[in-house]
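The values are calculated or read from the model by the stated rules, or taken from the named source; none is laboratory data. All figures in this text were calculated on a predicted structure; none of them were measured in a lab. Please note: Cβ atoms are built from the backbone with ideal geometry, for glycine as well, and neighbour counts cover all protein chains shown.
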Amino acid sequence: MIEAEGLTKRYGERLAVDSLTFTIRPGQVTGFLGPNGAGKSTTMRMILGLDTPSAGVVTIDGKPFTAMDNPMREVGALLDAKAIHGGRSAYQHLWCLAQLGGIPKRRVDEVLELVGLTGVARKRSKGFSLGMGQRLGIASALLGDPKVLMFDEPVNGLDPEGILWIRNLMKSLAAQGRTVFVSSHLMSEMENTADHLLVIGRGRLIADCPVHEFIRKNSELAVRVRTAEPTRLAELVTAEGGRVTTDGDGTLLVTGMGTDRIGDLAFDHQVRLHELAALRASLEEAFMEMTRDSVEFQAAVPAGAVAPEVAR
Amino acid sequence: MTTLNLTGTLPAATGRSGLTNALRSEWTKIRSVRSTLWSIGAMAAVAVGLNALINWLTIDRRWAQMVPGERSSVLANPLDNILASPMTVAQFAVAVIGVMAISAEYSTGMVRSTLQAQPRRMTILGAKILVIVGLMLVVGEALSFAAYATGKAVIAPHVPVHLSDPGALRAVIGAGLYIPVLALFSLAAGAILRHTAAAITAVLGIMLVVSNLTQLLPDSWGHHINAYMPMNAGSLVFQQHVAPKQLLTPWQGLGVFAAETAILVVVAAFLMRRRDA
């Protein structure tokens, strides 16, 4: 369990993290979502004592990280796949860290096996790809068999197989009752992995809720209907409580009512339908909508450009 | 997906992880990076090998051609040739090893991995200091005695040298002690600046430029500043005979260098505690 209370980090004038209060519970994967520069990494660094908060406190199972007897046996983290001396092999890197926690050599072999780096364990890590670096970082997080795990953007640089592997890994870790806290700037990634979501933008907490609730709240159902009698159907739907918008060429966009209900209505009143399709706003759209005002580095849209329609 | 053996065979955690674990880790770190071994190797080759060659060419083979003044100057201070000059050269490698012991952690990002495993920074710094000072003490004394023994053998036909000569034993032991103090001085500079090139430039700049420039300062206070510059004071310990105008004795000189190094270490510790990693 990770508990933050009023956690704040200020760099000069800029508030990188602004008074975050949250609790991350064991037994589930908690996603930490926000655009680039929202303060995700800084928050994780403060949890690990790498950065000192300007205000507020954060504890892990009731203690600050730096006060733990054997910190790496309780918390494992992958913050940065490049936190490696390129002159050392994967094996030597892990052995240096293992010794800090009094962890035996055979555990190094175990975690190397676990992340699939056994074959290159004796090679200097300088030549590692980003994906291999991520795997090595995950190996070091798992070294101490910790109860709390944190991963900052773990799927960066991984191939689809590697992404699937990480998702499964995080789910199994949570299923074993561990606390798993994983950050991403991609909503689609969280949709597939996380049980609970913390969403931040510009250092502030925007949402703290289960993923399914986030989806329900933020992705309103819309139904596209094409019919020979748009005006009549629109009246019928509106009378039953649906909201209708028309786009001129006879296509209706209905919200607040599902496909079943619309189909039944049309059938009951003998309105011929040409198309009846459920459109779900993707979570990605919901997330972008939600954080639009809090994106740190906003790209200007060139004049005349049309924002692409993101419909699935 | 294969079954994940996540827990493995790790025994339950007991006790507090502290300096002993950190010492083991730092010892592995320093041995597992090639640059350390290369630097020590290069230092040994230059200090012992090249210097023996130079002494053979410039003293042993030229003895017959030397004018009496040259001969008497070699006879008066033989250790300048067989000990002080190799140490003067070896100190560059020592400065690099000391700086890199900590600056490489910052430049590679390894420091974040280290502090995630052991967030108590003074434990990490303490372990680094003990490992570097211990290693450099052994290397320094070995090098000093090796340079002395080789040099002595090379010039023996013309210039007899013995450890029992005045100042000789002190100079040889002192040279070995100067090495770990310099390594620690450099490590502290590396911890303060956290940047390899900047820290090496700073240490060598003090050693080669600033120390020499202070000679130009006038009057008694200029003389004092020059005498108390870190490497000026420290290097007195490996000179066989200290010039009468020197303000410090050889051991006082090493003491001054060690005290200045200690101050630098305190600054480094303070900053390491305070700064974000």
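Starting from residues that are part of a strand (DSSP E or B) and without any contact (Cβ under 8 Å) to a residue 12 or more places away in the chain, keep the ones in region A:2-38 and report whichever is farthest from A:P71 (Cα to Cα). It comes out as A:R14. Applying a threshold of 6 Å to beta carbon distances and a minimum spacing of six or more residues, or different chains, the list of pairs starting in region B:14-32 at a residue that is of a type in the set (K, R) and ending at one that is outside any loop (DSSP other than H, G, I, E, B) reads B:R24/A:Q99; B:K29/A:C96.
Restricted to region A:61-85, and to residues there that are in contact (Cβ under 8 Å) with a residue 12 or more places away in the chain and among the charged types (D, E, K, R), the residue that is farthest from the other protein chains (Cβ to nearest Cβ) is A:D61.
Got at least one residue in region A:55-64 being in a helix (DSSP H, G or I) and buried (at least 21 other Cβ atoms within 10 Å of the Cβ)?
Filtering region A:55-64 down to residues in a helix (DSSP H, G or I) leaves none.
So far as region A:55-64 goes, no, none of its residues is in a helix (DSSP H, G or I) and buried (at least 21 other Cβ atoms within 10 Å of the Cβ).
Scanning region A:219-258 for residues being among the polar types (S, T, N, Q) and touching a residue at least 24 places away in the same chain (Cβ under 8 Å) gives a total of 4. Within region A:65-75, the residues that satisfy the criterion of being surrounded by 15 or more Cβ atoms within 10 Å (Cβ to Cβ) and either in contact with a strand residue (DSSP E or B) (Cβ under 6 Å, 6 or more places away or on another chain) or of a type outside the set (S, T, N, Q) (or both) are A:F65, A:M68, A:P71, A:M72, A:R73, A:E74, A:V75. Of the numbered criteria (1) at pLDDT 90 or above; (2) more than 27 Å from the chain's Cα centre (by Cα), the one B:R16 fails is (1). Scanning region B:50-70 for residues that are part of a helix (DSSP H, G or I) and free of Cβ contacts under 8 Å to residues at least 60 places away in the same chain yields B:L50, B:L53, B:I54, B:L57, B:T58, B:A64, B:Q65, B:P68, B:G69, B:E70.
Going by what's in this entry, would B:A95 be described as out of contact with any Gly (no Cβ under 6 Å at 6 or more places or on another chain), within 23 Å of B:A149 (Cα to Cα) and modelled with pLDDT of 90 or more? It is false that B:A95 is out of contact with any Gly (no Cβ under 6 Å at 6 or more places or on another chain), within 23 Å of B:A149 (Cα to Cα) and modelled with pLDDT of 90 or more.
Residue by residue, here is whether (1) touching a helix residue (DSSP H, G or I) at 6+ places or on another chain (Cβ under 7 Å); (2) small (G, A, S) holds:
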{"site": "B:Y228", "(1), (2)": "yes, no"}
{"site": "B:Q239", "(1), (2)": "yes, no"}
{"site": "B:V242", "(1), (2)": "yes, no"}
{"site": "B:Q246", "(1), (2)": "yes, no"}
{"site": "B:A259", "(1), (2)": "no, yes"}
{"site": "B:L264", "(1), (2)": "yes, no"}
{"site": "B:A268", "(1), (2)": "yes, yes"}
{"site": "B:A277", "(1), (2)": "yes, yes"}
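For residues in region B:1-13 being within 7 Å of chain A (Cβ to nearest Cβ) and modelled with pLDDT of 65 or more, which is farthest from A:A67 (Cα to Cα)? Step by step, filter region B:1-13, then rank; the result is B:T9. Checking region B:22-34 against the condition returns a match, with at least one residue being in a helix (DSSP H, G or I), more than 19 Å from the chain's Cα centre (by Cα) and more than 8 Å from chain A (Cβ to nearest Cβ). Taken together, B:R274, B:R194 contain a single residue that is on the phi > 0 side of the Ramachandran plot and either away from every other protein chain (no Cβ under 14 Å) or modelled with pLDDT of 90 or more (or both), which is B:R194. Answer yes or no: is there a residue in region B:125-138 that is closer than 25 Å to A:K82 by Cα, under 21 Å from the mean Cα position of the chain (by Cα) and basic (K, R). For region B:125-138, residues closer than 25 Å to A:K82 by Cα, under 21 Å from the mean Cα position of the chain (by Cα) and basic (K, R): present.
In the condition set (1) in a loop (DSSP other than H, G, I, E, B); (2) without any contact (Cβ under 8 Å) to a residue 60 or more places away in the chain; (3) of a type outside the set (D, E); (4) surrounded by 17 or more Cβ atoms within 10 Å (Cβ to Cβ), A:T52 is compliant with all but (4). Tell me, yes or no, whether region B:111-119 has at least one residue that is within 17 Å of the chain's Cα centre (by Cα), of a type in the set (A, V, I, L, M), crowded, with 22+ Cβ neighbours inside 10 Å and assigned to a helix (DSSP H, G or I). Scanning region B:111-119 turns up no residue that is within 17 Å of the chain's Cα centre (by Cα), of a type in the set (A, V, I, L, M), crowded, with 22+ Cβ neighbours inside 10 Å and assigned to a helix (DSSP H, G or I). Kindly indicate whether any position in region A:163-183 is in contact with a Lys or Arg (Cβ under 6 Å, 6 or more places away or on another chain), surrounded by 23 or more Cβ atoms within 10 Å (Cβ to Cβ) and not in a loop (DSSP other than H, G, I, E, B). Yes. Whether any residue in region A:155-163 is under 16 Å from B:R112 (Cα atoms) and more than 8 Å from chain B (Cβ to nearest Cβ) is what I want to check. There is no residue in region A:155-163 that is under 16 Å from B:R112 (Cα atoms) and more than 8 Å from chain B (Cβ to nearest Cβ).
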